[in-house]
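Please treat every number below as a calculation from the coordinates, not as lab data. In this text, all values refer to a predicted model and were calculated from it rather than measured experimentally. Positions of Cβ are backbone-derived with ideal geometry, glycine not excepted, and every protein chain shown enters the neighbour counts.
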């Protein structure tokens, strides 16, 4: 399926447990252009990136906006999360069973792994940057630390120590093991929860942006347009590598 107006085509691929994952592929001029894997926040969908991905493509990236199983219809473009629909996430959310909800939240990592494998196999990008929003902002840190040879950079919007009461430093431990260049964004009122994650990163090639008006997740870019400039400055290093 394709949508010429937005410049993408919809693709599917299986996760390790055979769940079919839906994603929107935004093509660049070259299949080998650096690729950004875009993951949404809780209760959202790949539609979270309908206005963000085209700008990244204009910079020279190809993008894959992925529906993970922990989601629903996004509130910006109103796109249904097809992966969550197949998985039956809505019924799990409605059940009020927090144990089952937590399992689904962490099981969404399978969908990130599947997207990374598909991108490497089917697009052959020169570099891969993983980008997370809210809940997925912590999963991309885990993905990067486990795949140091396949992930070249990380963008994390609004990370925090989410949903691991038995391991209160879980995300900081993940961050400490990341070796790739990493860009972390905090919403206007999130610095106290986001900064500790940033401080746990040990590599010198890291950057931090504290929004003044943007609230949470990747939508900070929509609420605070000036947040784009430092992000683009960070991303250009991957375009330079591609050009070389």
- Note on the structure: Restricting to Cα pairs under 8 Å and 6 or more apart, the percent relative contact order of the range 62-189 works out to 18 percent
- Task: For the chain, calculate the relative contact order in percent as a whole number, restricting contacts to Cα pairs under 8 Å that are 6 or more residues apart.
- Result: 16 percent
- State, as an integer percentage, the relative contact order of the range 1-95 based on alpha-carbon contacts under 8 Å between residues 6 or more apart. 27 percent
- Task: Note down the nm distance, to one decimal, between modelled labels 7 Å out along Cα→Cβ at residue 161 and at residue 10.
- Result: 4.0 nm
- How large is the Kirkwood hydrodynamic radius of the range 36-112, in angstrom, based on all distinct alpha carbon pairs? 12.8 Å
- Does the range 95-144 come out rounded, prolate or oblate by the C-alpha gyration tensor, with a ≥ b ≥ c the root eigenvalues, rounded set by a/c under 1.5 and, if not, prolate when a/b is larger than b/c and oblate if not? prolate
- Going by average Cβ neighbours within 10 Å, how do the peptides 158-169, 64-75, 177-188, 12-23 rank, with the highest at the top? 64-75, 177-188, 12-23, 158-169
- Item | Calculated log₁₀ intensity ratio I(q)/I(0) where the Debye formula runs over C-alpha points of the chain, q = 0.12, 0.13, 0.18 Å⁻¹ | -0.61, -0.73, -1.52
- Query: Among the DSSP beta bridges whose two residues both lie in the chain, what percent are antiparallel, rounded to the nearest 5?
  - Reply: 35 percent
- Query: Calculated from DSSP H runs of 4 or more alone, at -39500 (n - 2.57) each and per residue, what is the 222 nm mean residue ellipticity of the chain, nearest 500?
  - Reply: -10500 deg cm²/dmol
- Note on the structure: Where a ≥ b ≥ c are root eigenvalues of the Cα gyration tensor, a/c under 1.5 meaning rounded, otherwise prolate if a/b exceeds b/c and oblate otherwise, the range 108-244 counts as oblate
- GNM, the chain, Cα, under 10 Å: largest mean-square fluctuation among 94, 195, 53? 94
